[in-house]
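The values are calculated or read from the model by the stated rules, or taken from the named source; none is laboratory data. Please read these numbers as outputs of a predicted model, since none were measured by experiment. Counting neighbours? That spans all protein chains shown, and the Cβs are built from the backbone with ideal geometry, glycine included.
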């Protein structure tokens, strides 16, 4: 007689683990941090959380899809400049001017550049913070993935795009602020950023967006698409043999990660009050990846915590050791990729494996 064995139900503790971790993160970010930190420390944390939002996309594209995205600074910058352009136009209108202050200083004439004009509309500006990075990623990814470019070649192309955008922005002194970027942003959709209460409001918005994106990314991870993305990462040819187009699978992850980076850049502007080419070039792009690698690129929580930790270390150690920080940052990346590919999030798994590994026994005569 054939017996049918049923799959045992998932324990309640396992089913509640993810919602419990999400609730704990919400309590820490939305409850404990605002009460425990000063206004200055909270503004720094808001900045770090913007980097963590980028890390969520990196975890999707690199941790799940195996795409070494070394050009996320491009999409971070596109979203940041889209938001900053709107806020600069709003600040100028509040003082009765038609041109932002830097355009009056550097002299662009009396007319606003045509490509600035749509950003006076808040709806258009908000949409562009996400859609513009996604459109650029879709265009680049379509040609790259269709030609089966991957590995180091894809990483080099990503870095070249970041360098090109940074150089272009620097060269457009009269319309983008050049090296200085767009600075001295005073308001955020009618609220003064000089008011500590409004700065805390910006922090709450950033923290809420981070939590929502983590929840959305988690759903992607456990969905059928997430499984397909892992399959493409591990064996692209087998996926193609099964009738799927790996290029389209990777393109979706790349575009979604770009949208997250653009949204992070848009939120970074009111949190810090500036966006410049120095924040979106090759070095910042590598920094985004290092944070995810150190924390654990395959783990959402690990990538987020790693991004926050590396950003905090950069703020503290770069002041104390300005010449050595870049080398230390590179060393962190090499150590994480070479000796702990799963990042700090995998330390517990590694220790458990070593603890359960039985020593080899010799042969008895």
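Here are the numbers for the structure shown:
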read-out: Yes/no for residue 202 being touching a strand residue (DSSP E or B) at 6+ places or on another chain (Cβ under 8 Å), assigned to a helix (DSSP H, G or I) and touching a residue at least 12 places away in the same chain (Cβ under 8 Å); value: yes
read-out: Any hit, segment 169-178, residues being under 30 Å from residue 252 (Cβ atoms) and out of contact with any strand residue (DSSP E or B) (no Cβ under 7 Å at 6 or more places or on another chain); value: yes
read-out: Helices (runs of 4 or more DSSP H) lying entirely in segment 14-102 (those with 2 or more residues that are closer than 17 Å to residue 305 by Cβ); value: 17-27, 39-58
read-out: Options 169, 131, 161; residue that is within 20 Å of residue 269 (Cα to Cα) and under 18 Å from the mean Cα position of the chain (by Cα); value: 131
read-out: Count - residues of segment 184-200 that are surrounded by 14 or more Cβ atoms within 10 Å (Cβ to Cβ) and either touching a helix residue (DSSP H, G or I) at 6+ places or on another chain (Cβ under 8 Å) or modelled with pLDDT of 95 or more (or both); value: 8
read-out: Segment 48-71, subset more than 16 Å from residue 296 (Cβ to Cβ) and at pLDDT 95 or above, residue surrounded by the fewest Cβ atoms within 10 Å (Cβ to Cβ); value: 48
read-out: Residue 44 surrounded by fewer than 24 Cβ atoms within 10 Å (Cβ to Cβ), farther than 28 Å from residue 33 by Cα and either within 11 Å of the chain's Cα centre (by Cα) or touching a residue at least 24 places away in the same chain (Cβ under 8 Å) (or both); value: no
read-out: Odd one out for residue 101, checked against (1) touching a residue at least 40 places away in the same chain (Cβ under 8 Å); (2) closer than 14 Å to residue 84 by Cα; (3) within 29 Å of the chain's Cα centre (by Cα); value: (3)
